[in-house]
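What follows is a set of notes on a single structure, which appears directly below.
The values are calculated or read from the model by the stated rules, or taken from the named source; none is laboratory data. Please read all numbers here as calculations on a predicted model, not as lab measurements. Here the Cβ is made from the backbone with ideal geometry for all residues, glycine too, and neighbour counts use every protein chain on show. Just so you know, the surface numbers come from the protein's heavy atoms only, side chains and all, with ligands and any DNA or RNA stripped out. Shrake-Rupley method; radii C 1.70, N 1.55, O 1.52, S 1.80 Å.
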Amino acid sequence: MDVIPVIDVARGRVVRGIKGQRASYQPIETPLVAGSDPADVARALMRIHAFRKLYIADLDGIEGRGRNVHLVPAISAAVGQAELWVDAGTATRKAARAVLAAPVTTLVIGSESIETLASFRDIVAEAPERTVLSLDFRGTEFMGPPRLMSETATWPSRIIAMTLARVGSEEGPDLERLGEIIKRAGARKVYAAGGVRNSTDLKALRDAGAAGVLVASALHAGAISAADIRGVANR
């Protein structure tokens, strides 16, 4: 199972995500590094473990303020060959092409950013093998075109089950929703996001069938160690 650190960026700084309430996000304060520069935070996370993937949420792009075009080159220079999963609020094929221009990037399509199933299909067609679909939920509400949930044949090979209300909440992962998405996904890989607190949660997600998990707060708090990550890797 992959453990994938999350770096949330707003106005050029790494912020701490809490329950998806983005208006209240503040620059991160972490014992891992002084300040909130994205490249510095990325380097600090890689000192915990040689992660194969990092997830970058460009909140400026997601909220329509304009994509932080410097993020990928800066973070890539900081972490070397790690694959960068980038959610920048991509809603068109042209925008997808811009994100995918860097060889290290994998495009994350957040369902909250998609208006129609047709537009989603068009975006995925740009590079299906380098695309991940994030199924975004706020509470019980699915954020995206309803047909996207029902027409699973349109899904790419990798899916994120994103429960925004659990992000940074210390409430634990949403195992019930993860199980539902895994059943719908068939042979696709499903990654869990939101609420991971410690190694116990990592093991529970692995045992539930998650291919990976997105983590932020628990890494900064030291609640998940390199030994914990190795313990669930490739199992």
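A few remarks follow.
- Overall form of region 126-169 per C-alpha gyration tensor (a/c, 1.5; a/b vs b/c): oblate
- For region 77-87, 3J(HN,Hα) computed residue by residue from phi via the Karplus equation (6.51, -1.76, 1.60; θ = phi - 60°) reads 5, 7, 10, x, 8, 4, 6, 9, 8, 10, 10 Hz, glycine and proline entered as x.
- Here the peptides 40-52, 146-158, 86-98 are ranked by packing, the mean other Cβ count within 10 Å, and the order with the highest first is 86-98, 40-52, 146-158.
- Semi-axes of the equivalent ellipsoid for region 1-76, Cα gyration tensor, largest first, Å: 19, 14, 13
- Residue-normalised accessible area of the chain, given per residue in Å² at a 1.4 Å probe: 43 Å²
- Alpha carbon convex hull of region 92-190, volume per residue in cubic angstrom: 105 Å³
- Nearest-0.05 FRET efficiency for ARG11 and ARG121, computed from C-beta distance (R0 41 Å): 0.80
- Seen from all directions on average, region 148-235 presents a Cα convex hull projection of 5.6 nm².
- Amide H contacts of ASP8 (H built 1.01 Å from N, in plane; Pro and chain starts excluded): VAL15, ALA57 sit under 5 Å, all sequence-distant by 5 or more or on other chains.
- GLU170-MET149 FRET efficiency (beta carbon distance; Förster radius 30 Å; 0.05 resolution): 0.60
- Of all aspartates and glutamates in the structure, the ones whose alpha carbon falls short of 16 Å from that of LYS183, not counting any fewer than 8 places away in one chain, are GLU151, ASP174, ASP207.
- Apolar share of the accessible surface for the chain: 50 percent from carbon plus sulfur atoms, 1.4 Å probe.
- Spatial offset of region 102-155 relative to region 23-73 amounts to 22 Å, using the alpha carbon center of each.
- When the Cα atoms of region 10-130 are aligned to their principal axes, the ranges along those axes come out at 44, 33, 21 Å in descending order.
- DSSP beta bridges fully contained in the chain are about 20 percent antiparallel.
- Averaging 1/r over each pair of different alpha-carbon atoms in the chain and inverting the result gives 17.5 Å, the Kirkwood hydrodynamic radius.
- Once you divide the Cα radius of gyration of region 75-123 by 2.2 N^0.38 Å, the number left is 1.22.
- Mean residue ellipticity (222 nm) of the chain, computed from DSSP H runs ≥ 4 via -39,500 (n - 2.57), nearest 500: -8500 deg cm²/dmol
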